[in-house]
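Novice: If you scroll down you'll find the structure; I have some questions about it.
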Amino acid sequence: MSLKRKDLLGIQDMPVEEINLVLETAESFKEVSGRDIKKVPTLRGKTVVNLFFEPSTRTRTSFELAAKRLSADVINFAVSASSVSKGETLLDTARNIEAMQADFIVLRHPMAGAPNILAKLLRASIVNAGDGGHEHPTQALLDLYTLREKKREFKGLRLAIVGDIAHSRVARSNIYALTKLGAEVRVIGPPTMMPLEVERLGVKVFYDMDEGLRGVDVIMMLRLQLERQGIALFPSIREYSRLYCLTPERVTLAAPDALVMHPGPINRGVEIAPEVADSVSSVILDQVTNGVAVRMAVLYLLSGGK
Amino acid sequence: MSLKRKDLLGIQDMPVEEINLVLETAESFKEVSGRDIKKVPTLRGKTVVNLFFEPSTRTRTSFELAAKRLSADVINFAVSASSVSKGETLLDTARNIEAMQADFIVLRHPMAGAPNILAKLLRASIVNAGDGGHEHPTQALLDLYTLREKKREFKGLRLAIVGDIAHSRVARSNIYALTKLGAEVRVIGPPTMMPLEVERLGVKVFYDMDEGLRGVDVIMMLRLQLERQGIALFPSIREYSRLYCLTPERVTLAAPDALVMHPGPINRGVEIAPEVADSVSSVILDQVTNGVAVRMAVLYLLSGGK
Amino acid sequence: MSLKRKDLLGIQDMPVEEINLVLETAESFKEVSGRDIKKVPTLRGKTVVNLFFEPSTRTRTSFELAAKRLSADVINFAVSASSVSKGETLLDTARNIEAMQADFIVLRHPMAGAPNILAKLLRASIVNAGDGGHEHPTQALLDLYTLREKKREFKGLRLAIVGDIAHSRVARSNIYALTKLGAEVRVIGPPTMMPLEVERLGVKVFYDMDEGLRGVDVIMMLRLQLERQGIALFPSIREYSRLYCLTPERVTLAAPDALVMHPGPINRGVEIAPEVADSVSSVILDQVTNGVAVRMAVLYLLSGGK
């Protein structure tokens, strides 16, 4: 079986079989990163361009390592130093990159839908590495990989996603993925951070964290975007933490073997207590490890691999 | 035949046979970038350092890809984060890079003549990637490659270069190259953007764009340096566009099969109308594709290849 | 023989045999960088991450080249664009890098002791590329390599280190190394730049440069940190230069075949006269060349090479 798509734009339109194909393929690539020589010649002579309009060293590094371990050539196209500041449009920048025969453009862009536009107009494979508040599909896929590794089954799994649901592409991609796969998804956060009619995505809404955590198998914390504090969605960080920080006490409300996840970077003491982040329940660093494997699988499958 | 030079500093002192050698060599490298595996071992174990004192993601990326597809190791030496900000001189920086056994230094520098100074004092091959308002030889070479690909012959070809001729290294390198190769070159722009005694370079001057475009086979637009607006060379961008923007109507003044070129990044609606940039006459993206091939050829030939 | 350590954190705790092992190993790697094909497959499939919390293009480039010539995959983790600005702790950042299966983390950090913390908590090999005013071990090792190359013996060698001894990690690492190896070390600088009880490190203190230079075999100048001028340790740069700039006249006070060293980047006319920097006594560029070889040796030995 192979992916019947040129691009990875989001989870919403991805059939369950394709999700499973990525997860299964990632397994063999995870093995590669565990080897002494972490490198396979799969994408030798291919060009991957990381086109990042928002800074994210972590995601960029994960994609860069994935591409390098597949032996591709990688170019980092930084935005601040780029011709974008000279007024060029996104599409012109991308067309130029494609004209240099890039095989993959890994795009992070503040505008929802930006990767979809490129995907329609370019021959290169577009991988969405986060587009505004829309989707972040490789994050959802690495979360799924981690869940499957630890919990085996998605069906019947009870998950709570906690934080700024309304503005989180991580939440959105995970909600699409997890509901598709038969998990029961709860979303927890203050009313100001809850999307309108979020129930229509098939989730249960909780404004009270303690209530929402009761009995769940997985707690997926979202990062509080401290750097976007301009939009005041709550009175203060202290107040937010009082209501929505994952403390050791709150973890005990979940199932005894509940997992704690976070897409990183974590704000210790803001949305997650340090003891929880470092506890045995936490699979935060597993997520990071699995991110490289999942991205290797995505690049491989989009290039026509089976 | 091989290049009898250590460095590529400009087109002015480059004999026609050497220009042709680069163009012919680029042809086989263009084929490499079209392959499934875009990589040859030609410069394996060589070190290419991109030393950029002005930001230009596009040119840097083109050189980086050229070097990587030749299997060289590439280092990007960014200026803002570099020791230059600690007061080190250009020459000391370059000597340090050479002491790390760089084989090539690709230099972009705001000062005309900077690459020539390095070339005299260093053993490494210096490739001028743009020095002030002086030269940008690989841009001219990729323009020539594109012209030859589309028009076969330079002799008798009628070209118009439009824009800020006085401050454009692209214009200067192209004027040197095209007049050498027997083309008829016109320059079009406002008097404030025309170099003194430009006719002595063997070109015809036009201040009226419509008049200058009449019957030409190639229209080469220059980028309006919006970011250098400090030097007010015209009343307003709107006024500039009214007089010198390449509109569909103006294209019809040229020969029926006239080509439209632009070194990029383009300012849509400023110096070029969007419909023109995206029209079949436009070879702007071919220029980008050919840029990688030409730079591969330059690196290869400077390293002693034949 | 092999290194019995996972990390290179400083010279202070490094036995003489290990220092010698690095120097001897560097010799064969220096030969690699002198070859036509400057590349060996030694670290193929290994991942080296340059994690720099202070900008230093020069040191980063040296490590990047060392890693690439050993065929490792290299990731530059820039701090300004990184999640550090989002409030993540050093340890979380490093844990994330390790979770992506980095084999080496080359760390530059403004806080003394930062690499030691990481070394204790991570499995990856930590290489200290400068931590605050503490240590810069690869700089000392490349200085030793250069000295051995030029002077053969450390025993009885008379060295003067000149400048801001108190705030220099280069001075500190070199003092540890040179006194261990039997050299006679003098430190020269104004009282405001001299550490308290510096004599306890086994050095002789001179406040008068002419007196301190008398008869030495090696003059090791330190860079005046012009960019840290906030802390006014002397009345003016002019005054500093008058007292502590290495002029041609001052060089004549040293032994006739004395070497002049400097870790770079040099401030011409501030701490070193241009004629001295460019004289035959100067081994400043040898230091740069040897830096790549020494860093190759360090990466190789830490990975278990013998």
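The values are calculated or read from the model by the stated rules, or taken from the named source; none is laboratory data. Quick caveat, the model's predicted, so the values are computed rather than measured. Quick reminder, even Gly has a Cβ in these numbers, built from the backbone with ideal geometry, and neighbours come from all protein chains shown.
Novice: Hey, any hits in the stretch C:142-151 for a residue that's without any contact (Cβ under 8 Å) to a residue 40 or more places away in the chain and crowded, with 19+ Cβ neighbours inside 10 Å?
Specialist: no
Novice: Also: Kindly provide the set of residues from the stretch A:248-306 that are within 14 Å of chain C (Cβ to nearest Cβ), in a helix (DSSP H, G or I) and in contact (Cβ under 8 Å) with a residue 60 or more places away in the chain, ordered by number.
Specialist: Residues satisfying the conditions are A:Asp286, A:Gln287, A:Val288, A:Thr289, A:Asn290, A:Gly291, A:Val292, A:Ala293, A:Val294, A:Arg295, A:Met296.
Novice: Among the residues of the stretch A:146-164, is there at least one that is assigned to a helix (DSSP H, G or I), under 23 Å from A:Val280 (Cα atoms) and among the hydroxyl-bearing types (Ser, Thr, Tyr)?
Specialist: yes
Novice: Would you tally the residues in the stretch A:21-74 being β-branched (Val, Ile, Thr), over 16 Å from the mean Cα position of the chain (by Cα) and part of a helix (DSSP H, G or I)? Before you say what the answer is, go through the steps one by one.
Specialist: Quick first cut of the stretch A:21-74, residues β-branched (Val, Ile, Thr) only: A:22, A:25, A:32, A:37, A:40, A:42, A:47-49, A:57, A:59, A:61, A:74.
Within this subset, residues satisfying the condition of being over 16 Å from the mean Cα position of the chain (by Cα) are A:25, A:32, A:37, A:40, A:42, A:47-49, A:74.
Now narrow it down to the ones that are part of a helix (DSSP H, G or I): A:25, A:32.
Adding up the residues that qualify gives 2.
Novice: Is one or more of the residues making up the stretch C:13-21 of a type in the set (A, V, I, L, M), touching a Pro at 6+ places or on another chain (Cβ under 8 Å) and under 24 Å from C:Leu285 (Cβ atoms)?
Specialist: no
Novice: Shifting gears a bit: Which residues, counting only those in the stretch A:44-63, are farther than 19 Å from A:Phe29 by Cβ, in contact with a Leu (Cβ under 9 Å, 6 or more places away or on another chain) and at the interface with another protein chain (Cβ under 7 Å from one of its Cβ atoms)?
Specialist: Answer for the stretch A:44-63, where residues must be farther than 19 Å from A:Phe29 by Cβ, in contact with a Leu (Cβ under 9 Å, 6 or more places away or on another chain) and at the interface with another protein chain (Cβ under 7 Å from one of its Cβ atoms): just A:Thr47.
Novice: I need the full set of residues from the stretch B:183-193 which are buried (at least 19 other Cβ atoms within 10 Å of the Cβ) and free of Cβ contacts under 8 Å to residues at least 40 places away in the same chain, in order please.
Specialist: Selection gives B:Ala183, B:Val185, B:Arg186, B:Val187.
Novice: Let me ask something else about it. Is it true that some residue in the stretch B:100-121 is surrounded by fewer than 21 Cβ atoms within 10 Å (Cβ to Cβ) and within 14 Å of chain C (Cβ to nearest Cβ)?
Specialist: Looking for residues that are surrounded by fewer than 21 Cβ atoms within 10 Å (Cβ to Cβ) and within 14 Å of chain C (Cβ to nearest Cβ), one finds at least one in the stretch B:100-121, hence yes.
Novice: May I pose another question? Among the residues of the stretch B:1-59, how many are touching a Phe, Trp or Tyr at 6+ places or on another chain (Cβ under 9 Å) and of a type in the set (Gly, Ala, Ser)?
Specialist: 2
Novice: Which of the residues belonging to the stretch B:1-51 are under 30 Å from C:Thr57 (Cα atoms), surrounded by fewer than 17 Cβ atoms within 10 Å (Cβ to Cβ) and at pLDDT 95 or above?
Specialist: Selection gives B:Lys6, B:Pro41, B:Arg44.
Novice: Can you pull out every residue in the stretch B:75-84 that is at the interface with chain A (Cβ under 9 Å from one of its Cβ atoms), buried (at least 20 other Cβ atoms within 10 Å of the Cβ) and either part of a loop (DSSP other than H, G, I, E, B) or modelled with pLDDT of 90 or more (or both)? Don't jump to the end; show me each part of the working.
Specialist: From the stretch B:75-84, those at the interface with chain A (Cβ under 9 Å from one of its Cβ atoms) are B:76, B:78, B:80; that's our starting set.
Imposing the further condition that a residue be buried (at least 20 other Cβ atoms within 10 Å of the Cβ) reduces the set to B:76, B:78.
Result: B:Asn76, single match.
Novice: Among the residues of the stretch B:200-216, write down those that are within 23 Å of the chain's Cα centre (by Cα), in a helix (DSSP H, G or I) and surrounded by 12 or more Cβ atoms within 10 Å (Cβ to Cβ).
Specialist: Passing the criteria: B:Leu201, B:Met209, B:Gly212, B:Leu213.
Novice: Name the residues in the stretch C:113-141 that are in contact (Cβ under 8 Å) with a residue 24 or more places away in the chain, over 24 Å from B:Ala99 (Cβ atoms) and small (Gly, Ala, Ser), would you?
Specialist: Answer for the stretch C:113-141, where residues must be in contact (Cβ under 8 Å) with a residue 24 or more places away in the chain, over 24 Å from B:Ala99 (Cβ atoms) and small (Gly, Ala, Ser): C:Ala114, C:Ala119, C:Ala124, C:Ser125, C:Gly132, C:Gly133.
Novice: Next question. What's the number of the only condition in (1) under 20 Å from the mean Cα position of the chain (by Cα); (2) more than 20 Å from A:Thr61 (Cα to Cα); (3) surrounded by fewer than 20 Cβ atoms within 10 Å (Cβ to Cβ) that A:Leu285 fails to meet?
Specialist: Failed condition: (2).
Novice: Something else about it: Of all the residues that make up the stretch C:167-190, how many are assigned to a helix (DSSP H, G or I) and at pLDDT 95 or above? Before the answer, list the steps.
Specialist: Within the stretch C:167-190, the subset assigned to a helix (DSSP H, G or I) is C:167, C:169-180.
Narrowing the set further to residues that are at pLDDT 95 or above leaves C:169-180.
Here the count works out to 12.
Novice: Moving on. How many residues are touching a residue at least 24 places away in the same chain (Cβ under 8 Å) and out of contact with any Gly (no Cβ under 9 Å at 6 or more places or on another chain) when one looks only at the stretch B:88-102? Spell out how you get there, then give the answer.
Specialist: Residues of the stretch B:88-102 touching a residue at least 24 places away in the same chain (Cβ under 8 Å): B:90-91, B:93-95, B:97-98, B:100-102.
Among the residues that remain, those that are also out of contact with any Gly (no Cβ under 9 Å at 6 or more places or on another chain) are: B:90-91, B:93-95, B:97-98, B:102.
Looking only at that region, the number is 8.
Residue-wise test of (1) under 18 Å from B:Leu302 (Cβ atoms); (2) in contact with a strand residue (DSSP E or B) (Cβ under 6 Å, 6 or more places away or on another chain).
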residue: B:Val22; (1), (2): yes, no
residue: B:Asp36; (1), (2): no, no
residue: B:Ile75; (1), (2): yes, yes
residue: B:Asp92; (1), (2): no, no
residue: B:Ala99; (1), (2): no, no
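Novice: Does B:Thr57 satisfy the criteria of being buried (at least 20 other Cβ atoms within 10 Å of the Cβ) and without any contact (Cβ under 8 Å) to a residue 40 or more places away in the chain?
Specialist: yes
Novice: Filter the stretch A:217-239 down to the residues that are hydrophobic (A, V, I, L, M, F, W, C), at pLDDT below 80 and either outside any loop (DSSP other than H, G, I, E, B) or surrounded by 11 or more Cβ atoms within 10 Å (Cβ to Cβ) (or both) and list them by number.
Specialist: Selection gives A:Leu226, A:Leu233, A:Phe234.
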